[in-house]
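Written out below as structure tokens is the structure these notes cover.
Any read-out appearing in this document is the output of simple, stated calculations on the displayed coordinates, not a laboratory observation. Just so it is clear, the model here is predicted, and its values are computed rather than measured. For neighbour counting, all protein chains shown are included, and Cβ atoms are generated from backbone atoms with ideal geometry for every residue, glycine included.
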Amino acid sequence: MAARIYEFPFTIKQVAIDIMGLVVRGSGDKAEITVDCPFCSPSNLKRGKMSLSVARNNYKCFACDDGGGVVQLYAKNFGIDNKAAYSEIMELIGCNKSNYHNYVTTAKPVVVKNERADAETIHQTYLMLLSCLSLNESDKKHLMQRGLSDKEIVKNKFKSVPATGQIDLCKKLIESGCTLTGVPGFYIPVKLCPKCGKVGDKNDTVCPRCKGNFELNSDWCIKLFAPGIIIPVQGLDGRYCGMQIRLNKAINNRKYIWLSSNGLKGGAGSASPIHFIGDPTSETVFITEGPLKGIVANTFSHSTFICVAGVNNISGLPEMLKTLKSHGLKRVVECYDMDKYTNEQVKKKAAELKELVESLGLECKTATWQDKSLKGVDDYYKHRAEIRNKTINY
């Protein structure tokens, strides 16, 4: 029996490069595109031999022999099943289809090719965006429970996802002189309800919120759609390069998502940037998972932290380490969560990180602590501070 072929409204190029941020080797405008394989060891000399077939919408790595379709690539990279991967990709490109097994179309996907804005434009737009937002009491309470003070919360510019007014927010940014084109998170939705401002998909006719009719739209919007805490991400140069959102309620078992408008008109992908906090001339840096975790750990330890998007996503890390080495970096401390001792995938990625660091001529150490109930390095430093500050009551 012949294998069933699914044609999706997204391509392997769109998912691998724009959403996952895989590094392209050579030109990205070919029928067969070569990228860095996210599953190979970073120090493997054959890394970069993953081939993306635009025509067949699949991938094959000639180093580790892994291969599959576009959905499988995303699913394996983030450690989720195919159905969840499909739903997440559809959400990221702005589609509302959800039935994986029945969604088959003979129509060729329409790919929106977006150019990402330059680093300074993204920084300035995000800086103005943050100045227009506020932090609600519930989200502030959560951050304080993580161990952050009022001063640290203000310093790191944490904000809450606004419940409404996304289009008015964009108008305000434009009036302030900001450029929204190519800045991850901003886009021009196809349809809009003129009565309540709800964004609609191209096939929507009646607004489910106020029962008004959707109309074609030319206004800008920002893809902030679920309640949560906005965590600004800064690069080594101090500029804002991305926004991660800690959702109040998980979507497809994911608590953290990126502000992204990949595949949408005027939008761009997040590229899962790396957050840096601390002293860029430090001889020792710590590497952990996620910007919020690194910010909390830095608050208690005053150490320098590199915060990757996740153990599977370290794109851009080698270049950052090379730059830091030129500034005096000598050693790296791997601070992945304690499940690296029970989760084979995390354990494998920790070992690969060590290989990468040592291949750059740097010393690599592994952080560990006795109480494994303290999952992350942020939990460890917070706990240590609480023990140190305890007083005897009598």
> Any idea how far apart Asp118 and Ala163 come out in nm if each label point goes 7 Å out from Cα toward Cβ?
Replying inline: 4.1
> All other residues with a Cβ under 15 Å from the Cβ of Lys157 taken together, and with Lys, Arg as +1 and Asp, Glu as -1, what is their net charge?
Replying inline: +3
> Which of Lys330/Lys372; Lys49/Lys76; Lys60/Lys255 have a Cα-Cα distance over 24 Å?
Replying inline: Lys330/Lys372; Lys60/Lys255
> Taking Lys347 as the anchor, which aspartates and glutamates have their alpha carbon closer than 13 Å to its alpha carbon, excluding any fewer than eight residues away along the same chain?
Replying inline: Glu334, Asp337, Asp339, Glu355
>> Report the Cα centroid-to-centroid distance between the range 143-172 and the range 362-386 in angstrom, as an integer.
In response: 27
> Using the Cα gyration tensor of the chain, with a ≥ b ≥ c the square roots of its eigenvalues, what is the shape: rounded (a/c below 1.5), prolate (a/b larger than b/c) or oblate (neither)?
Replying inline: oblate
>> Can you give me the distance in nm between label points at Glu283 and Lys151, each placed 7 Å from the Cα along the Cα-to-Cβ direction?
In response: 2.8
> Once the Cβ-Cβ distance between Glu386 and Ser359 is put in as r, and R0 is 51 Å, what FRET efficiency do you end up with, to the nearest 0.05?
Replying inline: 0.85
> For the pair Asn136 and Val206, how long in nm is the line joining their label points, each one 7 Å along Cα→Cβ?
Replying inline: 3.0
>> From the helices alone, meaning DSSP H stretches of at least four residues, give me the mean residue ellipticity at 222 nm for the chain, per-run term -39500 (n - 2.57), in deg cm²/dmol to the nearest 500.
In response: -8500 deg cm²/dmol
> For the peptides 299-307, 207-215, 164-172, what is the packing order when you average, over each peptide's residues, the other Cβ atoms within 10 Å and list the highest mean first?
Replying inline: 299-307, 164-172, 207-215
> Which pairs break 24 Å Cα to Cα here: Lys83/Lys354; Lys157/Lys382; Lys83/Lys140; Lys83/Lys223; Lys157/Lys325?
Replying inline: Lys83/Lys354; Lys83/Lys140; Lys157/Lys325
>> What is the sum of charges, Lys and Arg at +1 and Asp and Glu at -1, for the other residues whose Cβ falls under 12 Å from the Cβ of Glu334?
In response: 0
